[in-house]
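Down below is the structure, laid out as structure tokens.
Bear in mind that the values in this text are calculations on the coordinates, not laboratory data. These numbers come from a predicted model, not from an experiment. FYI the Cβ positions are ideal-geometry reconstructions off the backbone, even for glycines, and counts take in every protein chain you see.
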Amino acid sequence: MGVESQRVEEYRLTKEPYYLPLGNEVELFEAAYNAHLPVMLKGPTGCGKTRFVEHMSWRLKRTLVTVACHEDLTASDLVGKYTLRNDETVWQDGPLTTAVKAGGIAYLDEVVEARKDTTVVIHPLTDDRRILPLEKKGEIVQAPEDFMLVISYNPGYQSVLKDLKHSTKQRFVAIEFDYPQPDLEETILQQEAGIDADTAGKLVKIAEKVRNLRTHGLEEGVSTRLLVYAGQLIHGGVDPVTACEATICKPITDDLEMQRSIVEIIATQF
Ligand code: ADP
């Protein structure tokens, strides 16, 4: 699998990514980094985990290598493999190896999606050995002090078949994320979508009610990301009701009854 198809991003940020802290996560992450401990970010999709890691990599001045994990991702996709180039076999480091060698932050997004053999390469990096075995190359890379492993994990998605093993979970410092408090989410929407406080407040009120529908069978509440989309459409001149239906209602459920309930909630605000 080529580097592109793994959707790997590697960069050192030059501009501060906007991130509004929701609690003590910045301090906790910094303390884990200083103690050379791996971190697990837990929480629903679209609630700021990726933005947080980007922000922290900027704060700590570390290169960030992000891997969006998927069901075909294997250990050698992460670590590296021999490939054929002009009739020659050459070793190509995978994204995890690149991050380790660079003393950067490796962020494995939705790690539970990846093939089971990936845990074999992650484990020795998470204990005090901090090593990455390149099995096929017969080499062991010692992680420098600056290297940090971060994974994300959405407990809501997991089934009995697809869950992180306890032996994996118990190797990470966990930082829990959830939808931001209403006043903080309002600030985020104003900043990210360029909308006024009144519109942001209405979107947050809609979100609160839609998230409460989870007790009535809605699988997952509306994410901050989708609220930002709604704000951006409104900012771009789309009528608020249309914008909300396209971002807050349709993407999160296919159930017509549930969609009707959400449309009613939207109508109470706009
Ligand atoms: P996740 O990685 O949890 O799926 P993201 O980090 O991609 O979610 O967050 C989605 C979007 O929500 C971000 O692009 C950003 O616009 C916004 N966002 C969520 N939380 C925050 C926050 N605390 N500060 C700034 N932006 C945030």
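Annotations
- Distant-in-sequence amide contacts of residue 151, defined by a placed amide H-H separation under 5 Å and a gap of 5 or more residues or a different chain, comprise 39, 40, 41, 108.
- Shape of the chain, Cα gyration tensor, a/c cut at 1.5: prolate
- Region 7-102 - percent relative contact order, Cα under 8 Å, separation 6 or more: 33 percent
- GluC sites (Glu not before Pro) within region 70-155, DSSP loop, no more than 10 other Cβ atoms inside 10 Å: 71, 145
- Mean separation of Cα contacts under 8 Å (6+ apart) over length of region 137-251, as relative contact order %: 20 percent
- Point-charge dipole on Cβ atoms (K/R +1, D/E -1) for the chain, about Cα centre, debye to 20: 540 debye
- Computed helical MRE - 222 nm, the chain, DSSP H runs ≥ 4 contributing -39500 (n - 2.57), nearest 500: -11500 deg cm²/dmol
- At R0 = 45 Å, FRET efficiency that the Cβ-Cβ distance of residue 257 and residue 60 yields, to 0.05: 0.45
- Rounded, prolate or oblate (a/c below 1.5 giving rounded, otherwise prolate when a/b exceeds b/c) for region 168-270 by Cα gyration tensor: oblate
- Taking 0.36 nm per residue of separation and subtracting the Cα-Cα distance, full extension of the segment from residue 167 to residue 145 would add 5.6 nm.
- Separation of the residue 176 and residue 20 label points, Cα + 7 Å toward Cβ, nm: 2.2 nm
- Mean Cα-pair separation over length for the chain, i.e. relative contact order, pairs under 8 Å, 6 or more apart, %: 20 percent
- FRET efficiency, residue 127 to residue 13 (Cβ-Cβ, R0 35 Å, nearest 0.05): 0.75
- Sites matching trypsin sites (Lys or Arg not before Pro) across region 49-88 that sit in DSSP coil, with at most 10 neighbouring C-beta atoms within 10 Å: 61
- Cα-based Lys pair tally, region 81-165, threshold under 22 Å, eight or more apart or on separate chains: 10
- The amide H of residue 141, built 1.01 Å from its N in the peptide plane, has 132, 134 as neighbours under 5 Å, considering only residues 5 or more places off or on other chains.
- Label separation (residue 34 vs residue 88): 4.7 nm, computed from points 7 Å beyond Cα along the C-beta direction.
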